[in-house]
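Novice: Sharing a structure below in structure tokens format, with a few things to ask.
The values are calculated or read from the model by the stated rules, or taken from the named source; none is laboratory data. As the structure is a computational prediction, the values presented were derived from the model and not from experiment. Note that we place each Cβ from the backbone using ideal geometry, even for glycine, and neighbour counts take in every protein chain shown. All accessible areas refer to the heavy atoms of the entire protein, side chains included, with ligands and DNA or RNA removed. Shrake-Rupley method; radii C 1.70, N 1.55, O 1.52, S 1.80 Å.
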Amino acid sequence: MKRRTLLKFLAAGPLFGTAWHVRAAPPMTMKGIKEMEDNWKTLLALGTAVPSPAEELKLSKDEWRKRLQPASYSVLREEDTERAGSSPLDREKRPGVFVCAGCGLPLFTSEMKFDSGTGWPSFFTTIPSALKTKTDYKIVYPRTEYHCARCGGHHGHLFDDGPAPTGKRYCNNGVALKFIPKDGKAT
Ligand SMILES: [Zn+2]
């Protein structure tokens, strides 16, 4: 690109309402990540009551089946995986908080989300104490499965190829989440 063309392009940039100038870049240091984790409630819509991980929720299979949509039940209670690209939450970019579709526990904020290109909502860190992990061998080699600390619902798998500085990628099923925008109604 010629210098003059480049300057024109840069000058025109802010006219386009694309994500690159709307969203802040992830923090560059682990100190910044810690601050993001500690201040997650700044993304919670005003007056929203949310449970804590300590308020454990245990229900029978039948009770879960009544409470959840079939697709959410398959993922949360039977560790199924949704089809890549099928969740509108993969493209959700508004400020807000992602909660467990099973029990409402806040798991991630919009600031912790990044576009991994996998077709699943992806996050590079979590709200403190929201998730627990275990190792599964469903596809022969070991993977780190993670689930909601409150209801035990399966959410996805954790990989070590996420963006710096955490290097983590929480690959989450969209049907296992609900999004509460900072201004507005839950989706
Ligand atoms: Zn839950």
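Novice: Please compare each pair in LYS41/LYS134; LYS66/LYS178; LYS132/LYS178; LYS34/LYS178 to a cut-off of 21 Å on the Cα-Cα distance and tell me which ones are over it.
Specialist: As for pairs spanning more than 21 Å Cα to Cα, those are LYS41/LYS134; LYS34/LYS178.
Novice: Within 10 Å, count the other beta carbons around each residue, average over each peptide in 111-124, 72-85, and list them highest first.
Specialist: 111-124, 72-85
Novice: Test of understanding: extend the Cα→C-beta vector of LYS134 to 7 Å, then name every residue of the range 145-187 with backbone N under 16 Å from that spot.
Specialist: 145-158
Novice: A further question on this structure: Quick one: if the Förster radius is 41 Å, what FRET efficiency do LEU46 and GLN69 give, using the C-beta to C-beta distance and rounding to 0.05?
Specialist: Computed FRET efficiency for LEU46 and GLN69 comes out at 0.90.
Novice: Work out how much length SER86 to ASP161 would gain on full extension: take 0.36 nm times their residue separation and subtract the Cα-Cα distance, in nm to one decimal.
Specialist: 24.8 nm
Novice: Is the shape of the range 71-179 best called rounded, prolate or oblate, per the rule: a/c under 1.5 gives rounded, else a/b larger than b/c gives prolate, else oblate, with a ≥ b ≥ c the square roots of the Cα gyration tensor eigenvalues?
Specialist: rounded
Novice: Shifting gears a bit: Please give the peptides 60-70, 167-177, 134-144 ranked by average Cβ packing (other Cβ atoms within 10 Å per residue), highest first, as a rough proxy for protection.
Specialist: 167-177, 60-70, 134-144
Novice: Just tell me which aspartates and glutamates come within less than 17 Å, Cα to Cα, of LYS138; anything on the same chain fewer than 8 places away is out.
Specialist: The qualifying aspartates and glutamates are GLU78, GLU79, ASP80, GLU82.
Novice: A further question on this structure: So, with a 1.4 angstrom probe, what is the percent of accessible area on the chain that is carbon and sulfur?
Specialist: 57
Novice: Answer rounded, prolate or oblate for the chain, using the Cα gyration tensor with square roots of eigenvalues a ≥ b ≥ c: rounded when a/c is under 1.5, else prolate when a/b is larger than b/c, else oblate.
Specialist: Prolate.
Novice: Explain nothing, just compute: Karplus ³J(HN,Hα) = 6.51 cos²θ - 1.76 cosθ + 1.60, θ = phi - 60°, for every residue of the range 94-108 in order, whole Hz, x for Gly and Pro.
Specialist: Ordered by residue, 3J(HN,Hα) equals 6, x, x, 10, 9, 10, 5, 5, x, 9, x, 5, x, 10, 9 Hz.
Novice: Still on this model: Tally Lys/Arg at +1 and Asp/Glu at -1 over every other residue whose Cβ is under 13 Å from the Cβ of ILE139; what's the total?
Specialist: -1
Novice: Local charge sum around ALA84 (other residues, Cβ-Cβ under 15 Å, Lys/Arg +1, Asp/Glu -1)?
Specialist: -1
Novice: Something else: Can you give the accessible area per residue of the range 51-129, in Å², using a 1.4 Å probe?
Specialist: Accessible area per residue: 49 Å².
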